[in-house]
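Student: Before I ask anything, here is the structure I am working with.
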Amino acid sequence: EAGVAQSPRYKIIEKRQSVAFWCNPISGHATLYWYQQILGQGPKLLIQFQNNGVVDDSQLPKDRFSAERLKGVDSTLKIQPAKLEDSAVYLCASSPGMRGPNTGELFFGEGSRLTVL
Amino acid sequence: EDQVTQSPEALRLQEGESSSLNCSYTVSGLRGLFWYRQDPGKGPEFLFTLYSAGEEKEKERLKATLTKKESFLHITAPKPEDSATYLCAVQARGGSNYKLTFGKGTLLTVNP
């Protein structure tokens, strides 16, 4: 079974530029998450989708970050304009759904490392 | 607000030297506590789910336990391949999204 795919793996940009990250979850997984992991920290949830609807975006800096999930499958996370403090690894994760006993068992991609200069 | 504190921040062991990692948490009603392993340059990998105080789960050299305030990840006779960052996360009851709140992790290094 293919895992969660993310691209690009690495991106270096200047502050005030824009960047986009792409995620393809495990086939059939209804729930998709974007997490931000700053060096030395645990992952922090940015946005959670159930199918193509947003469930939680309370920690997403909406003045610069946006995300969408196309047709309930792939997702794109965009940052515009980027700030120095956005330097982090952006992790995409998916899970089969939001109900049942295993809702905390997430499958993560390898992440996209962003460096903002 | 849910909070997770992991200790120590880093732990260095010799191969075969058993030890424990701690995860203390504050949550408004625990639905589940989760342990993940993260290798450098990789995303976290799920290890265990614990739902109630007194519960234990085992996998190879790892055993996770849960009390009402904390969880321990016991590592018995570790090997160098157990070196990784171990993350703890909690999920609260109620709400609509079953969000996970992660701790900062413990970086474990096992020397041969």
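Student: Stick to the Cα atoms of the stretch A:14-117, pair each with every other, and give me the Kirkwood hydrodynamic radius in Å at one decimal. Mind dumping the intermediate values first?
Tutor: Working: mean 1/r = 0.0723 Å⁻¹.
Hydrodynamic radius (Kirkwood, Cα only) of the stretch A:14-117 equals 13.8 Å.
Student: A follow-up question, please. What's the local net charge at B:Phe48, with K and R +1, D and E -1, over the other residues with C-beta under 14 Å away? Working shown, then result.
Tutor: On the way: positive: B:Arg37, B:Lys57, B:Lys59, B:Arg61, B:Lys63; negative: A:Glu105, B:Glu45, B:Glu55, B:Glu56, B:Glu58, B:Glu60.
Net local charge, B:Phe48 excluded: -1.
Student: Further question on the same structure: In Å², rounded to the nearest 100, what is the total accessible surface buried by chains A and B against each other with a 1.4 Å probe? List each step's numbers first, then the result.
Tutor: On the way: alone 6590 and 6370 Å², together 11180 Å².
Protein heavy atoms only, the A-B interface buries about 1800 Å².
Student: Considering chain A as a Gaussian network with a 10 Å cut-off on Cα pairs, which listed residue, A:Ala93, A:Ala67, A:Ala30, attains the greatest mean-square fluctuation?
Tutor: Taking springs between Cα atoms under 10 Å, the residue moving most is A:Ala30.
Student: Something else: Which whole-number percent gives the relative contact order of chain B, counting Cα pairs below 8 Å spaced six or more residues apart?
Tutor: Values: 287 pairs, mean separation 41.4, N = 112.
RCO, chain B: 37 percent.
Student: Where in the stretch B:71-112 does the label zone of A:Lys62 land, with the point 7 angstrom along Cα→C-beta and an amide N cut-off under 18 Å?
Tutor: B:96-97
Student: Taking the Cβ of B:Lys79 as the centre, find all other residues whose Cβ is under 10 Å away and add up their charges (Lys, Arg: +1; Asp, Glu: -1).
Tutor: Values: positive: B:Arg61; negative: B:Glu15, B:Glu60, B:Glu81, B:Asp82.
Spelling it out: positives minus negatives among the neighbours equals -3.
Student: Quick one: pull the percentage of alpha-carbon pairs in the protein assembly as shown with a separation above 25 Å. Don't skip to the end; give the middle numbers.
Tutor: On the way: 10684 of 26106 pairs.
Here the tail beyond 25 Å accounts for 41 percent of pairs.
Student: For the pairs B:Lys79/B:Lys104; A:Lys83/B:Lys57; A:Lys15/B:Lys79; A:Lys62/B:Lys104; A:Lys78/B:Lys63, flag any whose C-alpha to C-alpha distance is greater than 31 Å.
Tutor: Working: B:Lys79/B:Lys104 23 Å; A:Lys83/B:Lys57 42 Å; A:Lys15/B:Lys79 42 Å; A:Lys62/B:Lys104 24 Å; A:Lys78/B:Lys63 39 Å.
Violating the 31 Å Cα-Cα cut-off are A:Lys83/B:Lys57; A:Lys15/B:Lys79; A:Lys78/B:Lys63.
The values are calculated or read from the model by the stated rules, or taken from the named source; none is laboratory data. These numbers were taken from a predicted model, which means no experiment stands behind them. Reconstructed Cβ throughout: ideal geometry from the backbone, glycine too, with neighbour counts over all protein chains shown. For the accessible areas, the whole protein counts, side chains as well, though only heavy atoms, and no ligand, DNA or RNA atoms are used. Shrake-Rupley method; radii C 1.70, N 1.55, O 1.52, S 1.80 Å.
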